Amino acid sequence: ETDRYFGSVQARYEVDQAFRVAGKVVTRKVDVGQKVRQGDAIAVLDNTDYKLAVEATQQQLAAAEAQARQAESDRKRLNALKADGSVSPSDDEKAQSNAQTAHATAEAEARKLELARNRVEYTTLRASQDGVVTSVKFEVGQVVAEGQPIVSIAKEGEPEIVVNVPEDRLKAFKTSRYKASLASAPGENFDVVLRELSPQAAAQTRTFRARLKPATPRPLPLGATATLVV
């Protein structure tokens, strides 16, 4: 008994990428179908506001460091006077506390500066893996939100054939053998094996998604129409 299913070639690993900060897109460097390497720039946001934030944080850090130096100087001076009883224990404790607080404030401002500099770096979105761009959901001039997926990158190394299996054919599908062919080469059949079968049906179609990979590794064009003979 033979069944036929029609599906498509998809990448096993596909990543939706997004900026880690919000802003206005000023540069777009990729198009659908373009191959990218890990670390390649995909898009750039306007970073003017983020650079201003870095400058403001640098000023706050300079002020906090000056206060920390002053507090430390006061602590040392009072500590020297404590030996002859010129300074009360409460004043000495207060000076110690002020010095510690000022030092902690300066450390916190230093961390804020690191975060602000990181946010400037985040205005350039870079590819997280080698692959091919399968979708682009933004244009230059568009304002994007933090975490909004704007581009998808698929690895080409592990293509799979994805089909939807009706509920009444599920049992037979699990115990069958599989061959596949592409619409571009209908006479060229090759063996595939079941890698993954969804444990539950899709809410709208009531079908189970199956993902099959070539039994022998071979390149398959992403997005191509495939016929699965079961």
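The values are calculated or read from the model by the stated rules, or taken from the named source; none is laboratory data. This structure is a prediction, so every number in the text was calculated from the model and none was measured. Glycine also receives a Cβ, built like all others from the backbone with ideal geometry; neighbour counts cover every protein chain displayed. These area figures cover heavy atoms from the full protein model, side chains too; ligands, DNA and RNA do not enter into them. Shrake-Rupley method; radii C 1.70, N 1.55, O 1.52, S 1.80 Å.
At a glance:
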read-out: Residue within the range 43-62 that is without any contact (Cβ under 8 Å) to a residue 24 or more places away in the chain and farther than 30 Å from VAL143 by Cα present; value: yes
read-out: Where ALA185 falls short, out of the listed (1) open to solvent by less than 90 Å² (accessible area, probe 1.4 Å); (2) touching a residue at least 12 places away in the same chain (Cβ under 8 Å); value: (2)
read-out: In the range 116-167, the residues that are under 24 Å from LEU222 (Cα atoms), among the β-branched types (Val, Ile, Thr) and open to solvent by 40 Å² or more (accessible area, probe 1.4 Å); value: THR134
read-out: Meets criteria (under 30 Å from GLU146 (Cβ atoms) and open to solvent by less than 40 Å² (accessible area, probe 1.4 Å)) for GLY7; value: no
read-out: Residue match in the range 152-175 (condition: within 28 Å of TYR50 (Cα to Cα), under 29 Å from the mean Cα position of the chain (by Cα) and free of Cβ contacts under 8 Å to residues at least 24 places away in the same chain); value: no
read-out: Single residue of the range 12-25 satisfying the filter (open to solvent by 70 Å² or more (accessible area, probe 1.4 Å) and in contact with a strand residue (DSSP E or B) (Cβ under 6 Å, 6 or more places away or on another chain)) that is farthest from TYR122 (Cα to Cα); value: ARG12
read-out: Selection status of LEU228, in contact (Cβ under 8 Å) with a residue 40 or more places away in the chain, open to solvent by less than 40 Å² (accessible area, probe 1.4 Å) and more than 30 Å from ALA127 (Cβ to Cβ); value: yes
read-out: Those residues of the range 26-75 which are in a helix (DSSP H, G or I), open to solvent by 30 Å² or more (accessible area, probe 1.4 Å) and polar (S, T, N, Q), in sequence order; value: THR48, GLN58, GLN59, GLN60, GLN67, GLN70, SER73
read-out: Unmet criterion (only one of (1) in contact with a Leu (Cβ under 7 Å, 6 or more places away or on another chain); (2) under 15 Å from VAL9 (Cβ atoms)) for LEU194; value: (2)
read-out: When residues of the range 76-115 are limited to those that are modelled with pLDDT of 90 or more and of a type in the set (Asp, Glu), the one surrounded by the most Cβ atoms within 10 Å (Cβ to Cβ); value: GLU109
read-out: Residue match in the range 113-128 (condition: in contact (Cβ under 8 Å) with a residue 24 or more places away in the chain, touching a Lys or Arg at 6+ places or on another chain (Cβ under 6 Å), farther than 15 Å from ALA71 by Cβ and small (Gly, Ala, Ser)); value: no
